[in-house]
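Working notes for the structure below.
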Amino acid sequence: MSCQAKICGLTRPADAAFCAQAGAWAVGFIFHPASPRQVSPAEAAGCETGPARRVGVFIQQSPAEILEIMSQARLHLAQLHGGQDQKFCRAVGPERVIKVFWPQRFTTPGDLAEELNRYEGQARFFLLDAGASGGGHGRPLDFDFLRSLTPPRPWLLAGGLTPALAAQARALRLPGLWGFDFNSGLERSPGIKDHNLVSEALAALQTGRDDI
């Protein structure tokens, strides 16, 4: 079974176009001033991405600010990476939300599943990332921790993913795993994607274009 690929942290039109043309399901733009991969709404809007879904990563903005940036940058989805609650998700629009969770905050997979269940109906996708908050840690999650997880929504795996790590995780057939969120593992430097690594990652996943 193929898995989808989201390639995040794009800063250059050429990289965004390449990722989309190579078969990425989604491309991501970061709207957080502290990130070395931050772009403006105008810069994101100037990146042509064909049929790929366009995702914005948000940490500190209000729902109104997010919706405005989504309009300006021509985004389809908002990745909420700041611990936003259910009310926040509803204000943005659950059908537009990728809600981020950090498994390392939880003692057992059951504890994580309980938290995910609280957000059922509040997001279109879940995303599980490394670390205990934020993102861009450049290290992978413990895949074994996720083997007994049964999430209520399709989810994406993030956290220092390289083509090899993604292939390893995909082979485990983790329950509910729908896609992979790549960032630093496909870069030559922050915000500058390595096209060879992008191609390797997409080949490893045999990415299709099935949507939900």
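The values are calculated or read from the model by the stated rules, or taken from the named source; none is laboratory data. From a predicted model like this one, the values you see are computed outputs, not experimental measurements. For neighbour counting, all protein chains shown are included, and Cβ atoms are generated from backbone atoms with ideal geometry for every residue, glycine included.
Overview of results
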quantity	calculated
In the stretch 116-139, residue modelled with the lowest pLDDT [restricted to those that are surrounded by fewer than 16 Cβ atoms within 10 Å (Cβ to Cβ) and either assigned to a helix (DSSP H, G or I) or of a type in the set (Ser, Thr, Tyr) (or both)]	Ser133
Strands (runs of 3 or more DSSP E) fully within the stretch 1-93 counting 1 or more residues that are free of Cβ contacts under 8 Å to residues at least 60 places away in the same chain and crowded, with 22+ Cβ neighbours inside 10 Å	26-30, 53-58, 77-80
Residues (out of contact with any Asp or Glu (no Cβ under 7 Å at 6 or more places or on another chain), small (Gly, Ala, Ser), closer than 22 Å to Pro36 by Cβ and surrounded by 15 or more Cβ atoms within 10 Å (Cβ to Cβ)) located in the stretch 157-204	Gly160, Ser184, Gly185, Gly191, Ala201
Residues of the stretch 147-156 satisfying the condition of being among the hydrophobic types (A, V, I, L, M, F, W, C) and surrounded by fewer than 18 Cβ atoms within 10 Å (Cβ to Cβ)	none
